[in-house]
Structure formats: C-alpha cells, structure tokens
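J.: Got a structure here, written out as structure tokens. Questions coming.
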Amino acid sequence: MTVDPELSQSAYGLRFEWGLSGANAVADEADIAVVVDVLSFTTTLTVAMDAGIDVIPCEWRDDRAAQLAKQFDATLAVGRSAAAPGHLSLCPATIRSAPAPARLVLPSPNGSTIARALTGRVGSCVGASMRNAATIGQWLRAEHPDAVIAVIAAGEQWPDGSLRPAAEDLWGAGAVITELLESGVDDASPEAVIAANAWRDVAPNVGSELRRCASGQELAAMGHPEDVTIAAEIGSSTCVPLLRDHMFVDAAR
C-alpha cells in the first residue's frame with residue numbers, strides 16, 4: 001500500500017499506528033514492528049513463550065489453519081467457544097491449564113493477521129503485551145538502538161469488519177513507547193506520544209480499567225474474565241516474542 005510520506009510518519013524514528021492498514025502504512029521504512037493485541041493475542045503469546053511454546057500466527061480459522069499446523073508439526077488452538085477442558089485456545093488461561101506443546105498455531109483476526117502481513121516487510125517483528133512491554137522496550141534499546149520502530153495497536157473489529165480502536169491496545173502500545181521514551185528515544189511522532197500519555201494516565205489503575213473497557217466487558221460477558229486478569233499482569237514476563245521464519249520464538253530464551 002502506498003501512502004503519502006506524511007501519513008507514514010517517515011520523519012520520525014518511533015511511530016504509532018492502528019490496525020492492518022496502519023501497519024502497512026508505516027512498515028516499509030521501519031526496521032522493527034511491535035504488534036500489540038492485549039485482549040488477547042499478544043497476551044496469550046507471552047504466556048505461551050513463558051511456557052516454552054513457539055507460536056505460529058494464523059489469520060484463518062478453517063482448513064488452512066489445520067494445514068499450517070500440519071506443516072509446522074504444531075497443535076492448532078481452537079476457538080474460544082469450542083474450547084473444552086484440556087484444549088488450547090486464544091484464552092491465555094488455557095495455555096496455563098493444559099499440557100504445553102512444542103509449537104502452537106494461534107489464529108487471531110487482529111494480532112496474528114498483522115504479524116503475518118508484516119513478514120518480509122520489516123526487518124523484525126515482535127509481539128508485546130502489558131506483561132512484557134518493559135522487557136520489549138529494554139530489548140529494543142539494547143539490541144537495536146538505532147532502529148526505526150513502528151508500534152502497531154491491533155485494535156478490534158466491528159461486525160462489518162471495520163477497525164474498532166481498542167483502549168487496551170492503545171495502553172499496551174503506550175507502555176512500550178513509554179519505556180523507549182524514558183530510555184532516551186527523542187524522535188517520537190505525536191501519535192506515539194499520545195499513546196505514551198494514555199499509558200501514563202491509566203497505569204496506576206490499569207487492572208480496573210481493563211475490566212471496565214469495552215473489550216474487557218465483552219470478554220467477561222463471554223465467560224472469560226480471567227483473560228483480563230492475566231492481561232493485567234504488568235511486567236510479569238521477560239519474554240521477547242520474535243517472528244522468525246513465520247514462527248514466534250523467544251529471543252530472550
């Protein structure tokens with residue numbers, strides 16, 4: 001996708017955008033993309049990394065997902081509504097309660113889709129949630145101090161498929177950006193600064209605000225309040241999910 005240079009935030013070394021279209025807009029000139037999908041892809045991703053599971057992102061929930069699992073000799077996560085005891089799904093709690101496979105295909109319409117779309121578009125792609133945002137910021141500064149970084153809030157989708165900006169992804173992206181700003185990055189776009197300010201405002205009460213936001217209430221109504229609780233485990237993970245050969249592996253392992 002070709003966009004005007006102004007819309008790609010090309011004047012800045014630290015950028016922030018929303019969704020797949022936003023990722024495509026800022027990807028071509030970025031060295032590293034940080035994908036944030038707090039409820040729940042990147043939270044589940046970090047829980048899987050903590051358990052030693054490599055994760056293959058997947059945008060499909062049909063036979064193509066099963067074929068991908070066969071290709072990687074991986075377990076295929078089922079949909080939330082189809083998960084029975086012992087099954088793995090997009091719910092991070094299922095990763096903790098079931099035996100850990102070596103590899104997991106994790107379908108997601110937002111975070112997974114964006115991560116796969118960025119393959120080959122940027123030098124590296126990492127996954128961040130509130131659980132590992134500080135670690136991701138520290139890793140970026142230590143390993144890639146001069147990189148152009150695009151932080152992507154995945155957002156959710158309205159029933160018609162259009163982007164629904166989601167508060168939790170703004171906060172998660174802001175947590176990563178705040179870590180970078182506080183470590184000395186000084187060429188952030190105004191969009192990135194807005195995300196950082198949103199995180200600073202919510203950080204003291206992030207657990208309760210995650211439960212109060214639209215996505216948190218939706219998950220609670222679906223019977224998965226534990227997903228929100230796990231998402232609010234701020235700084236609990238030191239994993240660095242790095243996409244290599246179409247699979248997330250823990251670069252900190």
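Residue-by-condition table, conditions (1) surrounded by fewer than 23 Cβ atoms within 10 Å (Cβ to Cβ); (2) among the aliphatic types (A, V, I, L, M):
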residue: 155; (1), (2): no, no
residue: 189; (1), (2): yes, no
residue: 192; (1), (2): no, yes
residue: 195; (1), (2): no, yes
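J.: Pairs only if they're at least six apart or on different chains, beta carbon under 6 angstrom, first in segment 58-69 and under 17 Å from residue 44 (Cβ atoms), second surrounded by 16 or more Cβ atoms within 10 Å (Cβ to Cβ) and of a type in the set (Lys, Arg); list them, first residue then second.
T.: 59/116
J.: Against the conditions (1) outside any helix (DSSP H, G or I); (2) modelled with pLDDT of 95 or more; (3) surrounded by fewer than 18 Cβ atoms within 10 Å (Cβ to Cβ); (4) among the small types (Gly, Ala, Ser), where does residue 120 fall short? Just the number, please.
T.: (2)
J.: Look at segment 107-150 and say how many of its residues are within 25 Å of residue 51 (Cα to Cα) and either under 11 Å from the mean Cα position of the chain (by Cα) or among the β-branched types (Val, Ile, Thr) (or both).
T.: Total satisfying the criteria: 19.
J.: OK, next. If I filter segment 14-21 for residues that are surrounded by fewer than 24 Cβ atoms within 10 Å (Cβ to Cβ) and either in a strand (DSSP E or B) or free of Cβ contacts under 8 Å to residues at least 12 places away in the same chain (or both), do I get at least one hit?
T.: Within segment 14-21, one or more residues are surrounded by fewer than 24 Cβ atoms within 10 Å (Cβ to Cβ) and either in a strand (DSSP E or B) or free of Cβ contacts under 8 Å to residues at least 12 places away in the same chain (or both).
J.: Does residue 137 satisfy the condition of being at pLDDT below 95 and either farther than 20 Å from residue 231 by Cα or part of a helix (DSSP H, G or I) (or both)?
T.: The answer is no for residue 137.
J.: Also, I was wondering about something else. Within segment 1-37, work out how many residues are of a type in the set (Phe, Trp, Tyr) and more than 17 Å from the chain's Cα centre (by Cα).
T.: The total comes to 1.
J.: Is it fair to say residue 176 is in contact with a Pro (Cβ under 9 Å, 6 or more places away or on another chain) and either outside any loop (DSSP other than H, G, I, E, B) or over 18 Å from residue 24 (Cα atoms) (or both)?
T.: Criteria not met by residue 176.
J.: Being more than 17 Å from residue 192 (Cα to Cα) and either assigned to a helix (DSSP H, G or I) or not small (Gly, Ala, Ser) (or both) is the filter here; which residues of segment 147-173 pass it?
T.: 156, 157, 158, 159, 160, 163, 164
J.: Give me a count of the residues in segment 206-238 that are of a type in the set (Val, Ile, Thr) and either free of Cβ contacts under 8 Å to residues at least 12 places away in the same chain or closer than 24 Å to residue 85 by Cβ (or both).
T.: Final tally of qualifying residues: 3.
J.: Next up: Identify all residues within segment 62-117 that are assigned to a helix (DSSP H, G or I), of a type outside the set (Val, Ile, Thr) and in contact with a helix residue (DSSP H, G or I) (Cβ under 7 Å, 6 or more places away or on another chain); write none if there are none.
T.: 92, 93, 96, 111, 112, 117
J.: Do you know which residues across segment 23-43 are crowded, with 24+ Cβ neighbours inside 10 Å and either out of contact with any Asp or Glu (no Cβ under 8 Å at 6 or more places or on another chain) or within 24 Å of residue 189 (Cβ to Cβ) (or both)?
T.: 23, 26, 30, 33, 34, 35, 36, 37, 38, 41, 42, listed by residue number.
The values are calculated or read from the model by the stated rules, or taken from the named source; none is laboratory data. For clarity, every value in this text was computed on a predicted model and none was experimentally measured. Glycine gets a Cβ as well: all are built from the backbone with ideal geometry, and neighbour counts include every protein chain shown.
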